[in-house]
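Enquirer: Structure incoming, see below.
The values are calculated or read from the model by the stated rules, or taken from the named source; none is laboratory data. Being a predicted model, the structure only gives us computed values, none of them experimental. Here the Cβ positions follow ideal geometry from the backbone for every residue, glycine too, while neighbour counts run over all protein chains shown. For accessibility, only protein heavy atoms count, side chains too; no ligands or nucleic acids. Shrake-Rupley method; radii C 1.70, N 1.55, O 1.52, S 1.80 Å.
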Amino acid sequence: MGFELSREGLDRVLTELGESYLLYAPVLKVGEGRFTDADVVRYDYVSSVEQIELAHKSDYAFKELLTPLSETLFFFTENECKVADAEARKVIVFLRACDLHAVKRLDQMYLANGPQEDWFYRRVRDRVAFALIGCPESFDNCFCCSMDTNVAPEGWLFSLEQTDDGYRCVVADEQLTEVFAAQAVGEAAFEPAHVSANDTVVRVPESVPVAIYQHSMWDEYTARCIKCGRCTISCPTCTCYTMQDVFYTDNGCVGERRRVGASCMIDGYTNVAGGGQYRRTACERIRFKVLHKVHDFRKRFGYDMCVGCGRCDDICPEYISFAACVNKLADAVDALAAQEVSADE
Ligand code: SF4
Ligand code: SF4
């Protein structure tokens with residue numbers, strides 16, 4: 001069911017939803033970007049539709065809600081251990097289609113990537129529902145159409161998009177129909193907007209030969225990439241984390257254990273006992289990240305990890321394009337296949 005709403009009417013809907021849910025949406029933060037006077041769009045709690053940034057893609061993904069940058073898992077003393085309390089309130093997160101697909105990837109990693117679900121992720125995930133932000137047009141660097149993530153999967157409660165004189169929402173959850181109907185200025189049959197083409201087109205190779213690991217295509221990144229990890233922190237599907245014990249006493253017997261966000265692109269991530277370190281060079285790290293996103297994950301789960309949001313391209317300080325790298329990978333795979341054919345002839 002589709003509804004047309006004024007700003008005031010939609011705010012009344014959000015106020016009513018706010019009695020049962022926290023609302024978490026992309027917000028324009030003026031002057032809080034990485035450079036002086038630069039703005040940034042990142043997720044925060046909202047109470048009115050005017051706070052929700054609908055005109056621009058968020059620079060950072062929503063994932064801090066599901067996988068906080070720093071999360072205390074439990075506290076310990078000499079003889080006891082206590083699981084950290086969790087926020088109990090339910091949340092509605094406003095996501096675009098690609099990010100709803102990213103949730104599927106996070107669920108895969110935390111809930112279906114081994115014999116047991118991640119208990120801490122599960123307890124957050126169970127209190128989170130989603131609203132869909134329609135995409136009438138593609139943003140810079142988006143390539144959702146190449147990754148089949150331009151149309152939202154099922155599972156959202158209602159959609160939201162701005163029109164010339166207000167807002168329109170498709171309500172998918174029947175329990176919310178009355179809430180929207182009571183505030184609507186009109187009803188109409190429509191589907192949430194989605195893009196059907198992007199300026200950026202990415203060609204993902206169907207399979208990758210082992211020879212690609214030694215290919216010279218990766219070499220340039222050793223000089224270009226500064227291993228800052230911004231691409232992974234902004235990515236909605238990156239899930240790397242590390243564990244930290246924080247000790248309250250000198251004997252190390254009292255403290256807390258935290259799960260802390262990490263990145264395969266930064267120094268120290270692959271340090272192992274004895275002083276060893278894997279993937280020392282930036283080109284090895286880029287190779288690992290790219291192949292994980294468009295090859296290894298698919299080999300294991302049957303679909304690509306990358307959802308084509310383009311945030312990594314938007315945010316890289318060295319203007320390294322993930323999309324261009326995947327296209328270069330596809331070309332290199334084709335060239336290797338052609339060499340093999342000519343060697344056989
Ligand atoms: S790899 Fe880049 S384009 Fe793909 S999901 Fe992550 S941030 Fe988005
Ligand atoms: S690819 Fe760009 S954003 Fe990612 S670690 Fe390298 S320099 Fe940083």
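Enquirer: Going through the range 105-157 one residue at a time, which ones are under 19 Å from residue 173 (Cα atoms) and of a type in the set (Lys, Arg)?
Expert: The answer is 125, 127.
Enquirer: Just the residues that are in a loop (DSSP other than H, G, I, E, B) and more than 12 Å from ligand 1 (Cβ to nearest atom), please, taken from the range 299-325.
Expert: 302, 303, 317, 318, 319 - these are the residues of the range 299-325 that are in a loop (DSSP other than H, G, I, E, B) and more than 12 Å from ligand 1 (Cβ to nearest atom).
Enquirer: Looking at the range 261-293, which of the residues that are open to solvent by less than 40 Å² (accessible area, probe 1.4 Å) and more than 24 Å from residue 217 (Cα to Cα) is farthest from ligand 1 (Cβ to nearest atom)?
Expert: 276
Enquirer: Output the qualifying pairs, or none if there are none: Cβ atoms under 7 angstrom, residues six or more apart or on different chains, first residue in the range 208-235 and within 30 Å of residue 59 (Cβ to Cβ), second residue more than 16 Å from ligand 1 (Cβ to nearest atom) and open to solvent by 70 Å² or more (accessible area, probe 1.4 Å).
Expert: Hits for this filter: 227/267.
Enquirer: A further question follows. Show the residue pairs that are 6+ apart or on different chains and have beta-carbon atoms under 6 Å apart, the first residue being within the range 168-191 and in contact (Cβ under 8 Å) with a residue 12 or more places away in the chain and in a strand (DSSP E or B), the second being open to solvent by 30 Å² or more (accessible area, probe 1.4 Å) and not acidic (Asp, Glu).
Expert: Listed by first residue and then by second, the contacts come to 171/1; 171/177.
Enquirer: Here's something else I'd like to know. Would you call residue 201 part of a loop (DSSP other than H, G, I, E, B) and either open to solvent by 40 Å² or more (accessible area, probe 1.4 Å) or hydrophobic (A, V, I, L, M, F, W, C) (or both)?
Expert: For residue 201, the condition - part of a loop (DSSP other than H, G, I, E, B) and either open to solvent by 40 Å² or more (accessible area, probe 1.4 Å) or hydrophobic (A, V, I, L, M, F, W, C) (or both) - is met.
Enquirer: From 155, 186, which residue is open to solvent by less than 40 Å² (accessible area, probe 1.4 Å) and of a type in the set (Gly, Ala, Ser)?
Expert: 186
Enquirer: Another question, if that's okay. Out of the range 257-309, which residues are touching a His at 6+ places or on another chain (Cβ under 9 Å), within 14 Å of ligand 2 (Cβ to nearest atom) and of a type in the set (D, E, K, R)?
Expert: Listed by number, the list holds a single entry, 287.
Enquirer: Considering 245, 250, which residue is loosely packed, with under 12 Cβ neighbours inside 10 Å, assigned to a strand (DSSP E or B) and out of contact with any helix residue (DSSP H, G or I) (no Cβ under 9 Å at 6 or more places or on another chain)?
Expert: 245
Enquirer: Here is a further query. Condition test on residue 178, is it out of contact with any Leu (no Cβ under 9 Å at 6 or more places or on another chain) and either at pLDDT 95 or above or of a type outside the set (Ser, Thr, Tyr) (or both)?
Expert: yes
Enquirer: Another question, then. Consider residue 296 carefully, then state whether it is part of a helix (DSSP H, G or I), under 27 Å from residue 33 (Cβ atoms) and either in contact with a Cys (Cβ under 9 Å, 6 or more places away or on another chain) or within 15 Å of ligand 1 (Cβ to nearest atom) (or both).
Expert: Answer is no for this residue.
Enquirer: Looking for something within 14 Å of ligand 2 (Cβ to nearest atom), buried (at least 19 other Cβ atoms within 10 Å of the Cβ) and either among the aromatic types (Phe, Trp, Tyr) or without any contact (Cβ under 8 Å) to a residue 12 or more places away in the chain (or both) - is there at least one such residue anywhere in the range 316-328?
Expert: Yes: one or more hits.
Residue by residue, here is whether (1) of a type outside the set (A, V, I, L, M, F, W, C); (2) more than 16 Å from residue 238 (Cβ to Cβ) holds:
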residue	(1), (2)
45	yes, yes
48	yes, yes
51	yes, yes
57	yes, yes
61	no, no
64	yes, no
69	no, no
75	no, yes
86	no, yes
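Enquirer: Still on this structure, please answer the following. If I ask for residues that are of a type in the set (Asp, Glu) and open to solvent by 50 Å² or more (accessible area, probe 1.4 Å), which ones from the range 108-126 would you list?
Expert: 117, 126
Enquirer: Report the residue count in the range 228-242 for those that are open to solvent by 60 Å² or more (accessible area, probe 1.4 Å) and within 8 Å of ligand 1 (Cβ to nearest atom).
Expert: Selection size over the range 228-242: 0.
Enquirer: List, please: which pairs have Cβ atoms under 7 Å, are six or more places apart or on different chains, and start with a residue in the range 137-160 that is assigned to a strand (DSSP E or B) and more than 13 Å from ligand 1 (Cβ to nearest atom) and end with one that is acidic (Asp, Glu) and open to solvent by 40 Å² or more (accessible area, probe 1.4 Å)?
Expert: 158/173
Enquirer: Further question on the same structure: I'd like to check which strands (runs of 3 or more DSSP E) are fully inside the range 1-107 and have at least 3 residues that are in contact with a strand residue (DSSP E or B) (Cβ under 7 Å, 6 or more places away or on another chain) and open to solvent by 20 Å² or more (accessible area, probe 1.4 Å).
Expert: Answer list for the range 1-107: 21-29, 40-46, 70-76, 81-83.
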